[in-house]
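**Student:** Dropping the structure in here first, questions after.
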Amino acid sequence: MKKSLAYLATFATLALVTQSCSNDDNNDTVVDESTAEFKHLRVLISDETTTALTLVNPLQGNSISFEAKHPKSALYTSASGRFAGIIHRENNLTETFDTGLEFHGDHVDIKGTPKFGALTGISSKPTHFKSNFGEILTFNDGDGTLTVGLESEIHKNGATMKTITTGLRAHHGAMAVFANGTYAITEKDNSIPGTLPERVKIIDKTGKELFASTIATKGIHGNAADGDQAVFGSASGILVVKNNGEQSLIPHPEGFGTAWFGTILETNTKGKFVGYTAAKGAYLIDVIAKTVKPIIENTDIMQCKVSYDNSKLGILLHSGNFISYDLNTLNVAATERNIIAPTLKTATQKPQMEFTQRFVYITAPATGELWMANIKNNNDIKKIKVSNTPFRLTLMGFENNGDH
């Protein structure tokens, strides 16, 4: 299952090269592609204590620094891969960022230098981010609204994300985007205490209810969608909501007890999702077959992420070991190996991880670095200085080496 302040556009002028390497995307360095990252792949990293925002070019091993509006921002890549949403939840602000990379099927065009977008969003505690079908959205915990912007307007002067009034109570919610232009959105009926919602309904772009909730749960958290159906983690079971309003529950695996999936991840196969709970591990959810199969059963998982192309599941354990699985076969894709030092489960700021077909990227909050580990070569680990206390990261751009 991530903007009206005009002066944000000037932030691009603050960009500074922070590594000694050139940041020229068109340099003529000859690189062995079998051991290198894709040319048009980027990593964007925020900082916990400062407004530093770092864009890393893994192939060249260099970075460019920018200044976000606030520290400790959450980062999300848009559906196109070109843009990012920068979420400042406690400051009620969403910024946008452009890599300048545009995908054209078999190659990538350079559409300008990396910079902040003009499009911004002002909303009450934007928390849950989604991007699909040319839109970027936030669910706003402060008032239960949706805020929606268009990727095509990211560089439109004065552009702001529009708020959709949903008529909901404020809650820690989520939404999913359907291919037909409607949204599945959580709602709170106060049947359980706390901020978690219990139901999901479908609305249109004006906020009008199209299909009411038909199933009440004992709490919802986490969701993903494939365009036709949305899956929500629920204490009552796995809630499946189709775009025609049909709703159903898939039971948790036998022996789950009170555990349930608080995280749902999308895969590259329609109808298949990953459910994750720290209490049990990661499982493949098939909403067509209505099955839930274990991928890894382990209670020491620190990070559980799908690869940038959604074809694999990567697991980073508190021990510092990494392992990945092919989501089509559920077989091991990358044998377990140690990458970083162990992390205490009680650590307040833990390393964050994302991975591509070729490399695993892990933040090192204590040293201010991004670690870049070759999936196939245990001896190939690079450390790139980024900022004082790297907080969140997101992969951007494309796993592609083609130029126009």
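The values are calculated or read from the model by the stated rules, or taken from the named source; none is laboratory data. Remember, it's a predicted structure, so these values are computed and weren't measured experimentally. With ideal geometry, Cβ positions are generated from the backbone for all residues, glycine too; neighbour counts draw on all protein chains shown. Just the protein is used for accessible areas: all its heavy atoms, side chains included, with ligands, DNA and RNA removed. Shrake-Rupley method; radii C 1.70, N 1.55, O 1.52, S 1.80 Å.
**Student:** Quick one: if the Förster radius is 45 Å, what FRET efficiency do Ala259 and Lys205 give, using the C-beta to C-beta distance and rounding to 0.05?
**Tutor:** Details: r = 36 Å, r/R0 = 0.80.
For Ala259 and Lys205, the calculated efficiency is 0.80.
**Student:** Hey, got the dipole for the chain? About the Cα centre, +1 on K and R Cβ, -1 on D and E Cβ, debye to the nearest 20? Walk me through the intermediate numbers first.
**Tutor:** Working: 38 positive and 41 negative charges, 194 e Å.
With only Lys, Arg, Asp and Glu charged at Cβ, the dipole is about 940 debye.
**Student:** Between Glu336 and Asn92, how high is the FRET efficiency from 1/(1 + (r/R0)^6) when r is the Cβ-Cβ distance and R₀ = 56 Å? Nearest 0.05. If you can, show how the numbers build up before the last one.
**Tutor:** On the way: r = 42 Å, r/R0 = 0.75.
Here the calculated transfer efficiency is 0.85.
**Student:** Using alpha carbon coordinates only, what is the Rg to Rh ratio of region 300-404, with Rh defined as the Kirkwood radius?
**Tutor:** Numbers: Rg = 13.7 Å, Rh = 14.2 Å.
With Rh from the inverse mean 1/r over Cα pairs, Rg/Rh is 0.96.
**Student:** Loop only per DSSP, at most 16 neighbouring Cβ atoms within 10 Å: give me the trypsin sites (Lys or Arg not before Pro) in region 67-149, ordered by residue number. Provide the component values of the computation, followed by the final result.
**Tutor:** Numbers: sites: Lys69, Lys72, Arg82, Arg89, Lys111, Lys115, Lys130; in loops: Lys69, Lys72, Arg82, Lys111.
Within region 67-149, the qualifying trypsin sites (Lys or Arg not before Pro) (loop, at most 16 other Cβ atoms within 10 Å) are Lys111.
**Student:** Let me ask another. Taking the Cα centre of region 233-346 as the origin, how large is its charge dipole in debye, to the nearest 20, when only Lys and Arg (+1) and Asp and Glu (-1) carry charge on their Cβ atoms?
**Tutor:** Values: 10 positive and 9 negative charges, 19 e Å.
Computed about the Cα centre, the dipole is about 100 debye.
**Student:** Per 10 Å bin, what is the whole-percent P(r) computed from every C-alpha pair distance within the chain?
**Tutor:** Percent of Cα pairs in each bin: 5, 23, 33, 28, 11, 1, 0.
**Student:** Oh, and also: Roughly speaking, to the nearest percent, how much of region 67-127's 1.4 Å accessible area is carbon and sulfur? Don't skip to the end; give the middle numbers.
**Tutor:** Working: 1060 of 2150 Å².
Accessible surface attributable to carbon and sulfur in region 67-127 totals 49 percent.
**Student:** Each residue of region 358-364 in order: what ³J(HN,Hα) in whole Hz does its phi give by Karplus 6.51 cos²θ - 1.76 cosθ + 1.60, θ = phi - 60°, with x for Gly and Pro?
**Tutor:** Once rounded to whole Hz, the list reads 10, 9, 9, 10, 9, 6, 10.
**Student:** Once phi is turned into θ = phi - 60°, what whole-Hz ³J(HN,Hα) does the Karplus curve with 6.51, -1.76 and 1.60 give for every residue of region 111-120, x standing for Gly and Pro?
**Tutor:** 9, x, 7, x, 6, 5, x, 7, 5, 9
**Student:** So how exposed is Phe103, as accessible area in Å² (1.4 Å probe, rounded to 10)?
**Tutor:** Phe103 exposes around 90 Å² with every protein chain in place.
**Student:** Sticking with this structure for a sec: What trypsin sites (Lys or Arg not before Pro) in region 345-404 are in a loop by DSSP, with at most 13 other Cβ atoms within 10 Å of the Cβ?
**Tutor:** Working: sites: Lys345, Arg358, Lys376, Lys382, Lys383, Lys385, Arg392; in loops: Lys345, Arg358, Lys376.
The qualifying sites are Lys345, Lys376.
**Student:** Then there's this: Report, to the nearest whole %, how much of the accessible area of region 358-400 belongs to carbon and sulfur atoms, 1.4 Å probe, protein only. It would help to have the intermediate numbers written out before the result.
**Tutor:** Working: 780 of 1690 Å².
Result for region 358-400: 46 percent of the exposed heavy-atom area is carbon or sulfur.
**Student:** Could you pull out the trypsin sites (Lys or Arg not before Pro) across region 270-333 that fall in loop regions by DSSP (anything but H, G, I, E, B) with no more than 16 other Cβ atoms inside 10 Å? Show your work: numbers first, answer last.
**Tutor:** Details: sites: Lys270, Lys272, Lys280, Lys290, Lys305, Lys312; in loops: Lys270, Lys280, Lys290.
Sites meeting the loop and neighbour criteria: Lys270, Lys290.
**Student:** Multiply the residue separation of Ser124 and Thr299 by 0.36 nm, subtract the distance between their alpha-carbon atoms, and state the gained length in nm to one decimal. All intermediate terms of the calculation are to be shown ahead of the outcome.
**Tutor:** On the way: separation 175, 0.36 × 175 = 63.00 nm, distance 3.45 nm.
Extending this stretch completely gives an extra 59.5 nm.
**Student:** Rounded to the nearest whole Å², what accessible area per residue is found for the chain with the 1.4 Å probe? Could the numbers behind the result be given before it?
**Tutor:** Values: 16410 Å² over 404 residues.
Result: 41 Å² per residue.
**Student:** Once R0 is set to 41 Å, what does the formula 1/(1 + (r/R0)^6) return for the Cβ-Cβ distance between Phe103 and Leu344, expressed as a FRET efficiency to the nearest 0.05?
**Tutor:** Details: r = 40 Å, r/R0 = 0.98.
Result of the calculation: an efficiency of 0.55.
**Student:** Out of every Cα pair in region 117-272, what percent are spaced more than 22 Å from each other? All intermediate terms of the calculation are to be shown ahead of the outcome.
**Tutor:** Values: 4599 of 12090 pairs.
Summing the P(r) of region 117-272 above 22 Å gives 38 percent of all pairs.
**Student:** Next up: For the pair Thr35 and Asp228, how long in nm is the line joining their label points, each one 7 Å along Cα→Cβ?
**Tutor:** My value for the distance between the label points is 4.5 nm.
**Student:** How much accessible surface area, in Å² rounded to 10, belongs to the heavy atoms of Asp189 with a 1.4 Å probe?
**Tutor:** The value for Asp189 is about 60 Å².
**Student:** Taking the Cα centre of region 287-389 as origin, work out the dipole magnitude from +1 charges on Lys and Arg Cβ and -1 charges on Asp and Glu Cβ, in debye rounded to 20. If you can, show how the numbers build up before the last one.
**Tutor:** On the way: 12 positive and 8 negative charges, 22 e Å.
Charge dipole of region 287-389: 100 debye, to the nearest 20.
**Student:** Between Leu150 and Asn244, with labels modelled 7 Å along Cα→Cβ, what's the label distance in nm to one decimal, could you check?
**Tutor:** Going from the Leu150 label point to the Asn244 one covers 3.1 nm.
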